[in-house]
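Every number here is computed from the coordinates shown, using simple stated rules; none is lab data. Not measured: the values here are computed from a predicted model. Ideal geometry is used to build each Cβ from the backbone, glycine not excepted, and the neighbour counts take in all protein chains shown.
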Protein chains: 4
Amino acid sequence: MIGIIIGTNRKEAVSKQVAAYYEKLLAKKQQSTLLIDLKDMPDNMITSGLYDQAGKSEQFQKRLQEKVDQCQKFIVVVPEYNGSFPGVLKVFIDGLKFPDSVKSKKCALVGVSDGVQGGVLAMSHLTDIFNYLGMHVLALKPKLSRISQHFDGRNFSNPLYAQLIEDQVDGLITY
Amino acid sequence: MIGIIIGTNRKEAVSKQVAAYYEKLLAKKQQSTLLIDLKDMPDNMITSGLYDQAGKSEQFQKRLQEKVDQCQKFIVVVPEYNGSFPGVLKVFIDGLKFPDSVKSKKCALVGVSDGVQGGVLAMSHLTDIFNYLGMHVLALKPKLSRISQHFDGRNFSNPLYAQLIEDQVDGLITY
Amino acid sequence: MIGIIIGTNRKEAVSKQVAAYYEKLLAKKQQSTLLIDLKDMPDNMITSGLYDQAGKSEQFQKRLQEKVDQCQKFIVVVPEYNGSFPGVLKVFIDGLKFPDSVKSKKCALVGVSDGVQGGVLAMSHLTDIFNYLGMHVLALKPKLSRISQHFDGRNFSNPLYAQLIEDQVDGLITY
Amino acid sequence: MIGIIIGTNRKEAVSKQVAAYYEKLLAKKQQSTLLIDLKDMPDNMITSGLYDQAGKSEQFQKRLQEKVDQCQKFIVVVPEYNGSFPGVLKVFIDGLKFPDSVKSKKCALVGVSDGVQGGVLAMSHLTDIFNYLGMHVLALKPKLSRISQHFDGRNFSNPLYAQLIEDQVDGLITY
């Protein structure tokens, strides 16, 4: 089972649409997927779900932790925000059961930005974190910069982006 | 005015005690300080204070944004958490008014960990983020590893740590 | 075939002894290895082996490139130097044939330092570089800090270090 | 005195032209500069100028170390190469007298690439290294991506690039 993590809780996030694109692509390749949406974190996650409270929020357990536990691999859609990834993505990671949630599992990262960077620093930081937690990160990390010019919410007009994603998904399946 | 940011909202955090140490040291050096405590973020910060809601939480404005606006320099106490800094620290940054909150200001980072790393990756990631937002970061970033062995909650038994902090504070004052 | 790269050309480098330790351990596990020693780079590597000269130094081809080409996996022994890895390690990488030398291959990194960091930033930087070049990096990256206290040149007195290396080698074999 | 470091020894490097652009701009602002060109490293730098040989190469001393010693601030032109900066730039740093060469000095970084990244990871890595060595890095680090489209070797057709460089130079002068 491959989990597709939407790396933000922002409403109307393009990351959600990119996640849906991966979902369809993985379905075509006969892969089962689970969507893991940070919007499902409890509103009071920062006081109810971290540190000594980790694992105690029923909402977090049901809607997020249990899905993570079912997956051996992940696609993480990483929107660039303030020079890295959104803080809520790290809050989500900090709320997961340690260390079983991601240890010895495998993931692939994709960066999304309106600007020119495509989340390159965000993915570098996240690689450090996931490696620290024992999760392997696929080398190929597409940087989907200027996303709104190349993606209409359903399909990529930029064939390079579509190809990179296809290569990445194939890489993750055999990783 | 120098803001001292406690980089976690965890109760009983040693970072809070380290922040108090800096507060006393800066007072001795005739510097005015403001304590900026992430525990003052609203419980529902991740839905009430980010993205299109940024700046709309009265609690965040009163207890955090207004203090940040008064400071030209910052000490950021950075606890290591899951291979980087706590997600809530980035949530706090993501909730600040952009770009005036930190742009062209100056800060000094200090890493705190129970383990051996002293927050070195956390401070590297944070330097990337603050530089992206236009804030200068002092080169000297003490790594207070194995903090509980070297700090009793009030004073450092390790003279190297005390010296590094003294040097850093002097560096920030003239930075 | 697993290549073991000694990440420095310094004489008497402890990294060379660490590489020999890996060599023996891999032999015990019935793995074939090739030692790749940066001391084999030509003295004038920075003018004879880079950019438009890449691939033209016979010495580099015979002693380094051909070995790299035979390996599908690598152990890279990474000494910490000036806050990252030695410049000569990147010179070696810059001199390799692009992109076949490392693309789609797999590696494991181990950091070595006399100080307390164990090469954590060095390995973070190197992960960025290898991922960029298409090589996967094993999540487990032991940080052998204060190496001279824990390693006599042949064996580790620190059982944690020995265990981490054993786990890493097993991880790389099945990676 | 402001040193302008050309971060590569590649012949015909665009970084050399970018360095010349900074030289002219700083002259207009009545700033004295010294050009520090990595092409001046001895051919056998990796055996003659590092580790226990550091400081012993007369050529390195005369053409590079002495210039570095005269400067209190630096512009570092950082070409992107294999996902970071060229190995020779770190070799140059590794060959400098430690720690006086850069400690407590200040620098500004500018990334140059033919591709879309503009050296963002290269500058992140370099910031880690310079901070470790005690040198402050200006927050503003222009990323001159797709340089050949925006720079004719003398002037920038892209007014954003010219403006960023102007802002950066003004920032360094008062840093």
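Across peptide A:158-171, the average count of Cβ atoms from other chains found within 10 Å of a residue's Cβ is 0. Distances between copies of A:Q70, taken at a point 7 Å out from Cα along the Cα→Cβ vector and listed shortest first: 4.9, 5.1, 6.9 nm.
Under the criterion of Cα pairs below 8 Å and six or more residues apart, the relative contact order for chain A equals 22 percent. Placing +1 on the Cβ of every Lys and Arg and -1 on the Cβ of every Asp and Glu, with nothing else charged, gives the protein assembly as shown a dipole about its Cα centre of roughly 0 debye. Computed per residue of chain B from DSSP H runs no shorter than four, each worth -39500 (n - 2.57), the mean residue ellipticity at 222 nm is -11000 deg cm²/dmol. A simple charge model with +1 on the Cβ of Lys and Arg, -1 on the Cβ of Asp and Glu and nothing else charged puts the dipole of chain A at about 220 debye relative to its Cα centre.
If you sort the three axes of the alpha carbon gyration tensor as a ≥ b ≥ c, you get a/c under 1.5 for the protein assembly as shown, which makes it rounded. Within the stretch C:1-85, antiparallel bridges make up roughly 10 percent of the DSSP beta bridges whose residues both belong there. Assign one of three labels to chain C, namely rounded, prolate or oblate, based on the Cα gyration tensor with a ≥ b ≥ c the square roots of its eigenvalues; rounded applies when a/c is under 1.5, prolate when it is not and a/b is larger than b/c, and oblate otherwise. Here chain C falls in the prolate category. Counts of other chain beta carbons within 10 angstrom of each beta carbon in peptide B:130-137 average 6. Across the stretch D:26-43, computed HN-Hα scalar couplings (Karplus, 6.51 cos²θ - 1.76 cosθ + 1.60, θ = phi - 60°) run 5, 4, 4, 8, 6, 9, 7, 9, 10, 7, 10, 10, 5, 5, 7, 5, x, 3 Hz from first to last residue, x flagging Gly and Pro. In order along the stretch B:103-119, the phi-based Karplus estimate (6.51 cos²θ - 1.76 cosθ + 1.60, θ = phi - 60°) of 3J(HN,Hα) comes to 4, 6, 8, 10, 9, 10, 10, 9, x, 10, 8, 6, x, 8, 7, x, x Hz; Gly and Pro are listed as x.
Quick check on the stretch C:9-78: take the gyration tensor over C-alpha atoms, sort the square-rooted eigenvalues as a ≥ b ≥ c, and tell me if it's rounded (a/c under 1.5), prolate or oblate. It comes out oblate by the Cα gyration axes. In chain B, the sites counted are trypsin sites (Lys or Arg not before Pro) in DSSP loop states with at most 16 other Cβ atoms within 10 Å, and the longest stretch holding none of them, exclusive of the sites, is B:104-145.
With a threshold of 30 Å on the Cα-Cα distance, the over-threshold entries among A:K141/D:K105; C:K106/D:K106; A:K16/B:K143; A:K97/C:K24; C:K56/C:K103 are A:K141/D:K105; C:K106/D:K106; A:K16/B:K143; A:K97/C:K24. Annotation: amide H-H contacts under 5 Å for B:C107 (H modelled 1.01 Å from N, sequence separation of 5 or more, or interchain): B:F74, B:H136, B:V137, B:L138.
The same position C:T174 in the other copies lies at 2.1, 5.7, 6.0 nm from this copy, comparing label points 7 Å beyond Cα toward the beta-carbon, shortest first. Between copies, the label points of D:K11, set 7 Å from Cα on the Cα→Cβ line, lie 3.3, 6.2, 7.0 nm apart, reported in increasing order to one decimal in nanometres. Within 10 Å of the Cβ of each residue in B:2-11, the mean number of Cβ atoms contributed by other protein chains is 1. Amide H contacts of C:I4 (H built 1.01 Å from N, in plane; Pro and chain starts excluded): C:L34, C:L35, C:I36, C:I75 sit under 5 Å, all sequence-distant by 5 or more or on other chains. Spatial offset of the stretch C:1-68 relative to the stretch D:82-139 amounts to 26 Å, using the alpha carbon center of each. Computed from phi, the 3J(HN,Hα) profile of the stretch C:162-175 under the Karplus parametrisation 6.51, -1.76, 1.60 (θ = phi - 60°) reads 4, 5, 4, 5, 4, 4, 5, 5, 4, x, 5, 4, 9, 5 Hz, with x in place of Gly and Pro. Expressed to the nearest 5 percent, the antiparallel share of DSSP beta bridges inside the stretch C:59-175 is 15 percent.
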